[in-house]
Amino acid sequence: MKAPPDFESARSIVYITRFVPVYRRAVLDRLNRRLGGRLVVACGQSPTRSSLRSITPTCAAAYKEVQLTNWWLGNETVHAQPYGRIFRECPAPSVVLAEESPRSITLPFLLRHARRRGAKLLLWGHFSSNQRAFGSRHPLDRYRIRLAQSVEGCVCYTKSVKDLLQTFVPEDRLFVATNTVDTDTLDMLHQKLSEEGRKAVRRRLGLSRSEVAITFIGRLETVKGTDQLLQTFYALRANRKATLFIIGAGPEEDSMRRYAKRHAVEDIRFLGAMPKSEDSAPYLYASDVMLMPGFAGLAINHSFALGLPVVTPRSPNSAFRYNAPEIAYLHDGQNGRLARSGRVEDLIAAVEDVVADHKRYSLNALAYAREHLTLRKMVDGLVEAIRFAEGC
């Protein structure tokens with residue numbers, strides 16, 4: 001391996017992705033600073049009718065952006081992205097860091113074109129499905145493995161994902177950039193709320209002293225377990241006073257409101273999408289449990305950074321994770337609970353367990369976020385992979 005070039009004077013580092021969600025902005029800002037301003041982000045827009053629009057940033061970025069066109073096909077299951085403009089604006093990038101997604105049918109052609117331009121290649125993503133065991137038998141897994149083997153390095157969201165790839169890709173070409181959110185801002189907000197005091201914050205939000213506060217944050221889609229969320233809350237409040245904060249927007253919102261009205265379920269507050277952390281932070285800080293009855297991901301990081309333990313069902317099959325890779329951060333019985341299943345009775349049992357020992361769960365969640373889920377740690381992993389690629 002040759003020595004890496006001067007990091008300040010080398011060529012651009014181009015990150016290519018379908019679109020940039022608002023929670024990714026802080027990571028890319030920090031990465032750009034660490035790269036001496038060399039980062040160029042090439043991205044398109046989220047699908048027009050998708051609930052992803054609620055997490056798409058509207059303000060200009062601090063790093064350079066190249067706007068691409070996205071083509072979404074088959075109800076957003078297939079994606080294509082013409083990439084010619086990237087290389088017109090950045091004709092000779094040092095490294096191309098591409099989003100690893102089997103949905104993107106233009107990805108292998110992009111990698112081939114970037115290689116011809118002399119760029120070193122990195123892939124960054126999940127590298128595996130949430131809904132099946134990973135291995136070389138499934139055609140999509142074989143495809144992902146071949147792409148992973150064709151690049152200089154793979155940047156994984158978690159060590160668990162790295163362990164999956166290790167059978168097929170040399171370990172020295174695997175890197176972990178612990179996927180997270182803007183924990184710097186969340187730490188600051190936690191400190192500010194702590195100075196106000198949890199009792200005072202709860203009073204400000206209209207919560208009584210003995211009331212159980214449950215929060216859900218995420219897109220309102222069936223995959224997130226929106227039906228189970230309302231059914232669980234309905235059953236829970238039959239035996240105790242409780243409030244449910246719903247932070248998010250999506251196609252299921254109308255049906256959720258109808259359910260609440262039909263069953264005369266009070267104390268459900270639909271707060272809408274809150275892309276700014278300062279808006280959602282008081283609700284998470286004041287709550288007792290983050291309840292995610294369906295697919296869970298970065299909501300785990302968000303919750304832990306504000307000292308909020310998480311309850312979500314364990315995978316129905318131990319051969320695959322069911323949730324996003326961030327489920328690896330939830331340690332059952334320590335910073336949250338993995339309910340036995342997504343059935344209402346199992347979710348309630350897990351919620352009741354956390355409420356009964358809330359202080360311990362909360363302290364463990366906060367400590368885990370501050371040790372393992374920092375923005376700095378994520379950017380360190382990305383920089384390590386980029387340095388490696390440039391030295392190849």
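Remarks
- Mean separation of Cα contacts under 8 Å, 6 or more apart, over the residue count of the chain: relative contact order %: 18 percent
- Euclidean distance between Cα centres, the range 74-142 to the range 184-227, Å: 37 Å
- Length available on full extension from Arg117 to Glu65: 0.36 nm per residue minus the Cα-Cα distance, which gives 16.8 nm.
- With eigenvalues of the C-alpha gyration tensor scaled by 5 and rooted, the range 136-242, Å: 43, 22, 10
- Helix 226-236 vs. the chain, principal-axis angle (Cα, 0 to 90°, nearest 10): 30 degrees
- Distance histogram for the range 237-285 (every C-alpha pair counted, 10 angstrom bins, percent rounded to whole numbers): 22, 48, 28, 2
- Cut-off 12 Å between beta-carbons: net charge of the residues surrounding Arg240, Lys and Arg +1, Asp and Glu -1: -2
- Comparing Ala356, Ala114, Ala328 in a Gaussian network model of the chain, where Cα atoms under 10 Å apart are tied by springs, the biggest mean-square fluctuation is seen for Ala356.
- Counting only protein heavy atoms and a probe of 1.4 Å, the accessible surface of the chain is 49% carbon and sulfur.
- Net lengthening on full extension, Phe270/Ser210 (0.36 nm per residue, minus Cα-Cα): 19.5 nm
- In the context of the full protein assembly, Val383 retains an accessible surface of approximately 10 Å², using a probe radius of 1.4 Å and ignoring ligands and nucleic acids.
- Distribution of pairwise C-alpha distances over the range 251-345, 5 Å bins, in %: 2, 11, 20, 20, 20, 16, 8, 2, 0
- Residues in the chain average 44 Å² of solvent-accessible surface per residue, probe 1.4 Å, ligands and nucleic acids excluded.
- Computing FRET efficiency as 1/(1 + (r/R0)^6) for Ala319 and Glu278, where r is the C-beta to C-beta distance and R0 is 35 Å, gives about 0.30.
- Ellipsoid semi-axes in whole angstrom, largest first, where each is sqrt(5λ) of the Cα gyration tensor of the chain: 38, 22, 20
- Extreme residue, positive dipole direction of the range 228-327, given options Ser303, Pro275, Asn323 (C-beta unit charges): Asn323
- Given the chain, longest segment not containing exposed loop GluC sites (Glu not before Pro) (DSSP; at most 11 other Cβ within 10 Å): 9-265
- Peptides 179-185, 32-38 ordered by packing proxy, namely the average of other Cβ atoms within 10 Å per residue, highest first: 179-185, 32-38.
- Placing dummy labels 7 Å off each Cα toward the beta-carbon, the span from Asp357 to Arg132 is 3.8 nm.
- Helix 253-262 and the longest principal axis of the C-alpha atoms of the chain enclose an angle of approximately 10°.
- Placing +1 on each Lys and Arg Cβ and -1 on each Asp and Glu Cβ, with no other charges, gives the chain a dipole about its Cα centre of roughly 600 debye.
- Among Lys276, Lys64, the sequence by solvent-accessible area, most first, with a 1.4 Å probe is Lys276, Lys64.
- Over all other residues within a Cβ to Cβ distance under 11 Å of Phe216, the charged ones net out to +3, with Lys and Arg as +1 and Asp and Glu as -1.
The values are calculated or read from the model by the stated rules, or taken from the named source; none is laboratory data. All values derive from a computational prediction rather than experimental measurement. No Cβ is skipped: glycine too gets one built from the backbone with ideal geometry, and neighbour counts run over all protein chains shown. Heavy atoms of the whole protein, side chains included, go into the accessibility calculation; ligands, DNA and RNA do not. Shrake-Rupley method; radii C 1.70, N 1.55, O 1.52, S 1.80 Å.
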